[in-house]
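K.L.:
Structure provided below as structure tokens; questions to follow.
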Amino acid sequence: MPRAIKLYVRAVDTVNRVVGRVAMFLIFAMMGILFYSSVSKTFFLPSLWTLEMAQFVMVAYYLLGGGYSLQIDDHVRMDLFYGSWSPKTRAWIDVFTVFFLIFYLVILLYGGLSSTQYAIEYGERSYSAWRPYMWPIKVISCVGILLMLLQAIAIFFKDIAKIRGETL
């Protein structure tokens with residue numbers, strides 16, 4: 001494989017590994033927010049921000065960890081026949097099916113960027129009582145989708161290398 005592709009795969013894998021491992025800890029932030037919500041509702045005045053903030057943290061956890069999940073092949077896969085195939089056959093199937101994932105992620109990113117642009121231009125706010133600005137979570141969502149897209153392209157290159165008998 002060309003040196004540029006090797007550098008691309010190494011860079012994307014490194015970024016997704018770091019972002020994914022940091023994103024793993026967001027589950028604890030969400031648990032802390034929900035715990036605070038439970039305590040404040042039981043003993044004090046309930047907070048307006050806790051439920052929506054927990055949802056935002058969960059979105060960040062899910063989307064920022066998506067690229068890492070793809071990288072370590074820990075995502076959900078229909079495994080009716082796939083597990084019994086040889087690694088080279090799996091690579092051929094993955095080279096074909098990754099285009100569907102890339103297409104989906106491109107469309108998702110396009111919609112996300114459009115929505116983010118709207119949120120920034122018009123100061124979009126949530127309809128809840130807390131009324132936070134929506135652009136921060138939309139930016140995080142777009143970053144997560146972009147990282148998944150870059151990782152899907154890296155997986156494509158890895159599968160091509162696997163078919164050719166090389167490793168990346």
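The values are calculated or read from the model by the stated rules, or taken from the named source; none is laboratory data. All figures in this text were calculated on a predicted structure; none of them were measured in a lab. A quick note on method: Cβ atoms are made from the backbone with ideal geometry, for glycine too, and the neighbour counts reach across all protein chains shown.
K.L.:
Look through V95, V106 and report the one residue that is touching a residue at least 24 places away in the same chain (Cβ under 8 Å) and within 19 Å of I5 (Cβ to Cβ).
P.N.:
Exactly one residue qualifies, and that residue is V95.
K.L.:
Test of understanding: among L105, L34, which residue is part of a helix (DSSP H, G or I) and either farther than 21 Å from K158 by Cα or more than 23 Å from the chain's Cα centre (by Cα) (or both)?
P.N.:
Residue meeting the stated conditions: L34.
K.L.:
Something else: Just the residues that are in contact (Cβ under 8 Å) with a residue 60 or more places away in the chain, of a type in the set (V, I, T) and closer than 19 Å to W135 by Cα, please, taken from region 9-60.
P.N.:
Correct list: V59 only.
K.L.:
What's the number of the only condition in (1) hydrophobic (A, V, I, L, M, F, W, C); (2) within 23 Å of M58 (Cβ to Cβ); (3) not in a helix (DSSP H, G or I) that M78 fails to meet?
P.N.:
With respect to (1) hydrophobic (A, V, I, L, M, F, W, C); (2) within 23 Å of M58 (Cβ to Cβ); (3) not in a helix (DSSP H, G or I), M78 is out only on (2).
K.L.:
Go over the candidates I72, I120 one by one and state the one that is of a type in the set (A, V, I, L, M), at pLDDT below 95 and surrounded by fewer than 18 Cβ atoms within 10 Å (Cβ to Cβ).
P.N.:
When all the criteria are applied, what remains is I72.
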